[in-house]
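Everything on this sheet refers to the single structure shown next.
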Amino acid sequence: MRFAKNLLGYHLVVVFVTAMATAFTPDLAKATAEGEPVPWQMGFQEAATPFMEKLIAFDNMLLWIITIISVFVLALLLYCMVRFNSKANPVPSKTTHNTLIEIAWTVIPIIVLLVIAIPSFRLLYFDRAFPKIDMTIKAIGNQWNWTYEYPDHDSFEFDSNMLKDDELKEGQPRLLSVDNQVVVPVNKNIRVIVTASDVIHNWAVPAFGIKMDAVPGRLNEVWFKATKTGTFYGQCSELCGKDHSFMPIAVRVVSDTEFAAWVVKAKEEFAAAPAGTKVAELVSGAEQSR
């Protein structure tokens, strides 16, 4: 009975903490609409792609399944502790087999696994079966920033570096904002080819449901289709060195008209300052300071 009381107390604490976190959480709709985490947030960021919507639905289904299983097992434990303790059942019975129960505890888990496996395989197929691609971007991980290439738009490229605290403007999230954002059109199938120049990195954007390793000497690819405009943030999700936590990802989704105008401007800007310029300046400055 002491175990049951402790277990019940633990569940009450979890429920209380969850309720308090939800009560004092800021306006999640406003924060997650821009694809960034918020303090005390529980659960995923708001989905911005069809794949992430399916992923959240799958997670919700798993939550129901595991909750039902947990409640059922807890009920069995409580029943056994009350019904078969030494006081209530001083003379224990000797039961070796029960055909019905043995069939049930074999068949029911198989059915549960099938219920989980079928939508899981469908989700994996949806993620890896690339649709007709509208444009391609190449993301290259460096220690510790990202280089982006647009091969479908005269192959211009640029570096994306995290903004320092004194460079942030009002409304820009700390440790997530960058000097040059990735810009893509809304409702287009975007393929991202991911690689690295030095060590293993990882290109991850939670609102898109994307998390792909960037491996030196290897090309990995992933795709997404952003269904809403806004700025969506991510971070390198592979331990890549001392500044691992300082190479964020920022993807700005805009209309077709805005994207076309940005491409024209980007070609002029980044042709004059090609990728690697800022990194070279930092290296040169560090060498001169020695």
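Picking from Asn180, Pro206, Leu163, whose Cα lies most toward the positive end of the charge dipole for segment 135-289 (charges on Cβ: Lys, Arg +1; Asp, Glu -1)?
Of the options given, the answer is Pro206.
Determine the dipole magnitude for segment 100-151: charges of +1 sit on the beta-carbon of Lys and Arg, -1 on that of Asp and Glu, nothing else is charged, the reference point is the Cα centre, and the result goes in debye to the nearest 20. Each step should come with its number before you reach the end.
On the way: 4 positive and 4 negative charges, 28 e Å.
Taking the Cα centre of segment 100-151 as origin, the dipole is about 140 debye.
With a ≥ b ≥ c the root eigenvalues of the C-alpha gyration tensor of segment 135-289, is it rounded (a/c under 1.5), prolate (a/b larger than b/c) or oblate?
It comes out rounded by the Cα gyration axes.
For Asn85 and Phe130, compute 0.36 nm times the residue count separating them, minus their Cα-Cα distance, and round to one decimal in nm.
Full extension from Asn85 to Phe130 adds 10.4 nm.
Quick check on the exposure proxy: order Trp262, Trp64, Trp146, Trp40 from fewest to most C-beta atoms within 10 angstrom.
Ranked by crowding around the Cβ, least crowded first: Trp64, Trp40, Trp262, Trp146.
Given the pairs Lys54/Lys188; Lys132/Lys265; Lys169/Lys242; Lys242/Lys267, which are separated by over 29 angstrom at their Cα positions?
Beyond 29 Å: Lys242/Lys267.
List Thr99, Thr147 from most exposed to least, where exposure is judged by having the fewest other Cβ atoms within 10 Å.
Thr99, Thr147
Whole-Hz ³J(HN,Hα) for each residue in segment 218-232, computed from phi via Karplus 6.51 cos²θ - 1.76 cosθ + 1.60 with θ = phi - 60°, x for glycine and proline: what do you get?
So the Karplus estimates, Gly and Pro as x, are 9, 10, 9, 9, 8, 9, 8, 9, 6, 9, 9, 7, x, 10, 10 Hz.
Using Cβ counts within 10 Å as a stand-in for footprinting exposure, how do Lys138, Lys169, Lys265 rank, fewest first?
Lowest to highest Cβ neighbour count: Lys169, Lys265, Lys138.
Given the C-alpha centroids of segment 119-180 and segment 183-199, what is the distance between them in whole angstrom?
Taking the Cα centre of each part, segment 119-180 and segment 183-199 sit 6 Å apart.
What residues qualify as long-range amide H neighbours of Ala196, i.e. H under 5 Å apart, gap of 5 or more or another chain, H built at 1.01 Å from N?
Hits under the 5 Å cutoff: Gly141, Val215, Gly217, Arg218.
Every number here is computed from the coordinates shown, using simple stated rules; none is lab data. Note that the coordinates shown come from a computational prediction; the quantities given were computed from them, not determined experimentally. No Cβ is skipped: glycine too gets one built from the backbone with ideal geometry, and neighbour counts run over all protein chains shown.
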